Every structure is written in C-alpha cells, then in structure tokens.
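Student: Sharing a structure, written as structure tokens. Questions coming.
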Amino acid sequence: MKSIRNIYKTGVGPSSSHTMGPAFAAKSFIEKHPDCDSAKVTLYGSLAKTGRGHGTDRAIIETLAPIKVDIVFNTDESVLLDHPNTLTIEGYKGGKKLAETTFLSVGGGEVCLKGENAKGKEIGDLYSESSFSQISAICKERNIRLSDYVFEHEAPDFRDFLGNVWHTMQAAIRDGLSHTGELPGGLGVKRKAQKLFNQRHIDESPQTKENRLVCAYAFAVSEQNADCGLIVTAPTCGSCGVLPAVLKYMQEKNSFSEADIIRALAVAGLVGQLVSTNASISGAECGCQAEIGTACSMASAALAELFEMGIDQIEYAAEIALEHHLGLTCDPVCGLVQIPCIERNAVAAMRAINALSLANFLSDSRKISFDLVVETMYQTGIDLSHIYRETGEGGLAKLYRHK
C-alpha cells in the first residue's frame, strides 16, 4: 500500500480529480517533453462532461503555459475508457507530433498512466498490509496504536508533513470564515460560513452550538475550495471540509495538543488510503459515497484516535460512517463543486461525530467489518448508473433549474 501522503495533497480547488489531477498530468507531460511548443488535450468521460464547470481546461492551460493548448471535450459515450476520468495529451513542435500520453485521474489528485494499476501493491509501497483486519491484528499482537503503526512505516519527517497539513487546514478554516460574498460559477451561491459562525442562537444549547460551529468550519473549507482557494484533499477536494471541521472543533472543546491532532491525522490517512487501495475515492468512478463517505469515515476514525479508543472502536466508527453513505450519488449542479457538495461536507462532519458516539458504546456488537463495507461501497459504486457518477446528468444536476 502506498504512503498516506497520497491522501493529503495541498493545492487549489475546486476538484482533486478534475483540476488537481489533470494539472499534475500536464506538469508530468511537459517535464518529460520540454521541447513542445503546443499541445492538444482531449478530455473523456466525466472530465469531458463536467470539466468546464470544474475548471479542468483552465487548470491544464495554466499548467502548460506559455505554450498554446487546444482543449477538446470528447463526450462520445461509445469510447471505451479504463477510467471515467481520462485525458490524452499530445505534444507538438513546429506542427510535428513529438509525444502522446494518456492519463487517468483516479481521485484525490492522483494520476496514473493508462495501463498502470492505480490500486494494490506496487514497487515502492510502504505497507505490506492492505486491509484493516491485517493491520488490526498486527497492532493488537504488538499492543500498539494505529498511529504508531503508521509512524513506523512512513518516513522520519512524516510528523512534520502532517503538521504542515494541519496548519493548511486551519488556514483554510480561517480564510473561509473571513470571506463573504458570492462564489464564482454563475449559480449565485453565497458564502455562509461566517454567518453560521457568528449567528448565535438566542437560547443556544451545547448541542446546537456544536452543530453550528462544526458546520461553520466545514462550510468555510468547502467554500474556499469552491473559490479556488488553497486546501488539503481529505481525501478529495470536494470532501475537504469534513476532517478539518471535526478536528478543529474537538481541539477547541477539549484542548487536544498538536501531537494529538497529528496522531488523529495519521489514522484518518490510513483509513483513506485503505479505501483508495481497495475501492475508490473518485466520485466519477463510485459516486459521492467514495468522496464524502470516505471523508466521513476518515473523520470518525480520527476522532476515535483523539479520544484514545480501542482499535475495534476505531474500526466501528469508520465502518458506521462509510456504511451510511452507501449509494450516495455524485450530482454536482452545473458541474460546480457547490450544490450539493458544500452542505454535504457539513452534514458528513456531524455524522462523523455521531459515528464516534455509537462506536463508544456498541463496538462489541458490530456485525460488519470495515473491510467488508469498503468492498460493498466499491461494488455499489460500479453498479450506480453513470449519470450519478460526476457526469452532471442525474439527480440534482438534472432537475435543478437556476433562475
């Protein structure tokens, strides 16, 4: 299994699969073929259908600048694809083709070449184990926590890496809370994070305050993402608000240290990488259950680690969170990561806290393993109609009419 660093990528929104991934692909291509003076980039599948709304063309053109770039949106559904997020880059010099490469944007900003296996064991993998059950057995045998297991496998500077991740997440919350106004894209969606943060209920209970603040933090990060701000994938851009929201709230409420948060991020990243390895974190491949569902699962596991729960409780929290997002469709209105994506981050953040509470009491009675629900999510995603997998053709994207 790959490094957890692959789950946490810092970059600008609004989409890890539609902007980050294609930008990384373009950068890789031009680094290998620096003599090109022009390029033709053909987008297929979900990239072609919702690329304009996500800003895929902008991300590629900016990455390849100053060379001239021709972007083709190929929406022909008869084209057989290895992955629904596929792009081919052709490089030219003086009108003569120098190179052609096909990339797959597999989610979370990750890209691979056509024909490569984006999942499973590869050269340079850091983890021999690739399932929660395998990892759990090792940790129990050695009496270590999941975060200890992660730190043993990652590079010596991994704690520093996670520290930078956390600082960027907090900055996204601060920036999101400090901005108001309308998000770009034409839908007329207004930023709501600051209003949620400041508008205290006249007889606010502790439960209401928790809901309001957690949602404010999730809105803040998600709105930054929608406005092309700097965020960290967790595991994707579209689901980037869930994990920082719950960690920020719990740190403020319970005075958790920076070291505590870093341990929680390590466990969250482990959960995200297990999903990425054994299923998918791509909305175009498996619907929003792969993005928001995984983000909620990561957040639940992180919270359980913060409160020093046992491994079985951590597993149960992660399992509950993912199980109750099964079948969630990816239906961004106008291809923008705004409706329903921003609200969805807030709802998932609250659900992560609920999963934590259930795991605290009921882990000894669970019937479904985390590994099983990951496999189930993947099969469910494959069974979903393509119109519910980030194509902008089904659900809210089909029925909503902007006035």
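Student: Return yes when V333 is open to solvent by 40 Å² or more (accessible area, probe 1.4 Å) and either of a type outside the set (D, E) or closer than 30 Å to L187 by Cα (or both) and no when it is not.
Tutor: Criteria not met by V333.
Student: Same structure, new question: Looking only at region 89-109, count every residue that is open to solvent by 30 Å² or more (accessible area, probe 1.4 Å) and outside any strand (DSSP E or B) and tell me the total.
Tutor: 2
Student: Right, another one. Which members of region 25-66 meet the condition of being part of a helix (DSSP H, G or I), over 23 Å from C330 (Cα atoms) and touching a residue at least 40 places away in the same chain (Cβ under 8 Å)?
Tutor: A25, A26, S28, F29, I30, K32, T63
Student: Moving to a separate point now. Condition (residue is buried (at least 20 other Cβ atoms within 10 Å of the Cβ), in contact with a Cys (Cβ under 9 Å, 6 or more places away or on another chain) and not in a helix (DSSP H, G or I)) applied to region 67-76: is it met by at least one residue?
Tutor: no
Student: Test V275 against the stated conditions and say whether it is under 13 Å from the mean Cα position of the chain (by Cα), within 25 Å of R142 (Cα to Cα) and surrounded by 21 or more Cβ atoms within 10 Å (Cβ to Cβ).
Tutor: Considered against the rule, which asks whether it is under 13 Å from the mean Cα position of the chain (by Cα), within 25 Å of R142 (Cα to Cα) and surrounded by 21 or more Cβ atoms within 10 Å (Cβ to Cβ), V275 comes out as yes.
Student: Hey, another quick one. Please work out which one of (1) open to solvent by 10 Å² or more (accessible area, probe 1.4 Å); (2) in contact with a Ser or Thr (Cβ under 8 Å, 6 or more places away or on another chain); (3) not in a strand (DSSP E or B) is the condition V165 fails and give its number.
Tutor: Among (1) open to solvent by 10 Å² or more (accessible area, probe 1.4 Å); (2) in contact with a Ser or Thr (Cβ under 8 Å, 6 or more places away or on another chain); (3) not in a strand (DSSP E or B), V165 violates only (1).
Student: Can G21 be described as modelled with pLDDT of 90 or more and buried (at least 22 other Cβ atoms within 10 Å of the Cβ)?
Tutor: yes
Student: Here is a list: R58, R142. Which entry is closer than 30 Å to S369 by Cβ and open to solvent by 30 Å² or more (accessible area, probe 1.4 Å)?
Tutor: Among R58, R142, only R142 is closer than 30 Å to S369 by Cβ and open to solvent by 30 Å² or more (accessible area, probe 1.4 Å).
Student: Next question, about the same structure. Out of all the residues in region 93-113, which are within 16 Å of the chain's Cα centre (by Cα) and among the charged types (D, E, K, R)?
Tutor: Residue satisfying the conditions is E110 alone.
Student: Can you tell which of I314, I368 is part of a helix (DSSP H, G or I) and over 17 Å from the mean Cα position of the chain (by Cα)?
Tutor: I314
Student: Does G181 satisfy the criteria of being open to solvent by less than 30 Å² (accessible area, probe 1.4 Å) and modelled with pLDDT of 95 or more?
Tutor: no
Student: So, A137, is that one over 30 Å from A318 (Cα atoms) and part of a helix (DSSP H, G or I) or not?
Tutor: no
The values are calculated or read from the model by the stated rules, or taken from the named source; none is laboratory data. All values reported here derive from a predicted model rather than from experimental measurement. Reconstructed Cβ throughout: ideal geometry from the backbone, glycine too, with neighbour counts over all protein chains shown. The area values use the complete protein model at the heavy-atom level, side chains included, leaving out ligands, DNA and RNA. Shrake-Rupley method; radii C 1.70, N 1.55, O 1.52, S 1.80 Å.
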